[in-house]
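A.B. asks: Below you'll find the structure I mean.
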Amino acid sequence: MKKKIHTYNILLSNGEWLENIRFEGPLEYHFSGVMVSLLPVQDAAGKTIVLNMHHIVKAELLTVEEIGP
């Protein structure tokens, strides 16, 4: 089964934009429960950033890629 990689631009509550942040699956799947509040992600340069769901103001979906067999 192919994986779907979603790429977003994300606006944080401090006004900073994170560009080309990649997730396996849609963003809303990662914040589906009360206990889930921190999410490690990678930017386009491969740097790991830990997002808190309370810091995300807006997320713009850029692309959805299918990878794998």
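A.B. asks: Could you name the aspartates and glutamates whose alpha carbon sits less than 16 Å from that of residue 58, not counting residues in the same chain fewer than 8 places away?
C.D. replies: Residue 58 reaches 16, 19, 28.
A.B. asks: Related question: What dipole magnitude, in Debye to the nearest 20, does the chain give about its Cα centre under +1 on Lys/Arg Cβ and -1 on Asp/Glu Cβ?
C.D. replies: 160
A.B. asks: Residue 64 to residue 11: extension gain in nm, 0.36 nm per residue of separation minus the Cα-Cα distance?
C.D. replies: So the chain would gain 17.2 nm between residue 64 and residue 11.
A.B. asks: For the chain, restrict the atom set to alpha-carbon positions and state the Rg and Dmax in Å.
C.D. replies: Looking at the chain, its Cα Rg and Dmax stand at 12.0, 40 Å.
A.B. asks: Across region 54-60, in residue order, what do the Karplus-derived ³J(HN,Hα) couplings come to in whole Hz, using 6.51 cos²θ - 1.76 cosθ + 1.60 with θ = phi - 60° and x for Gly and Pro?
C.D. replies: 7, 8, 7, 9, 8, 10, 9
A.B. asks: Next up: Under 13 Å Cα-Cα from residue 4, which aspartates and glutamates qualify once same-chain neighbours fewer than 8 residues away are excluded?
C.D. replies: Within reach: 24, 65, 66.
All of the numbers you see were taken from the coordinates with simple rules; none came from a lab. Keep in mind that this is a model prediction, so the values were computed, not measured. Glycine gets a Cβ as well: all are built from the backbone with ideal geometry, and neighbour counts include every protein chain shown.
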